[in-house]
Ligand SMILES: [Fe+2]
Ligand SMILES: [Fe+2]
């Protein structure tokens, strides 16, 4: 049986998104937000596609609903690194997805710390872009109703932007 990487990742993210139980589709929203930012930055098509995949997979190390809640209830949480390490390990064990392991490993590390690490500049940038989209989604989550944003976002986005900045 042959399966395209795109189909495999899309199916996988649908399963991963159920970890949230009461806050689903986080992976897809983060992926689309990151893609939007990358497009605005003028990234090439292949990089945008891979960033979309990395976004869909970014929380593959979250294995429990309790852990998902901790990640979505606070902007920064001390235990966040655990799911990054777990996600990196899972992806490294799967050769077609191993290329996304470094981004997943560092997607909760602040930019100041990333700059001190001996990792490729692209990994820093990709991981930070996913981190930005991820935290924006956490702040936006209360404004989601079903799969669409409620109108409150029109009034709340300046506060959300300030909080991230
Ligand atoms: Fe995460
Ligand atoms: Fe996340």
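Bear in mind that the values in this text are calculations on the coordinates, not laboratory data. Model, not experiment: these values are computed from the prediction. Positions of Cβ are generated from backbone atoms using ideal geometry, with glycine treated the same way; all protein chains shown enter the neighbour counts.
Once both labels are positioned 7 Å from their Cα atoms along Cα-to-Cβ, the gap between residue 116 and residue 77 label points is 2.4 nm.
For residue 93 and residue 159, the FRET efficiency from 1/(1 + (r/R0)^6), where r spans their Cβ atoms and R0 equals 41 Å, is about 0.50. Sorting 103, 62 by the number of Cβ atoms found within 10 Å of their own Cβ, with the fewest placed first, yields 62, 103.
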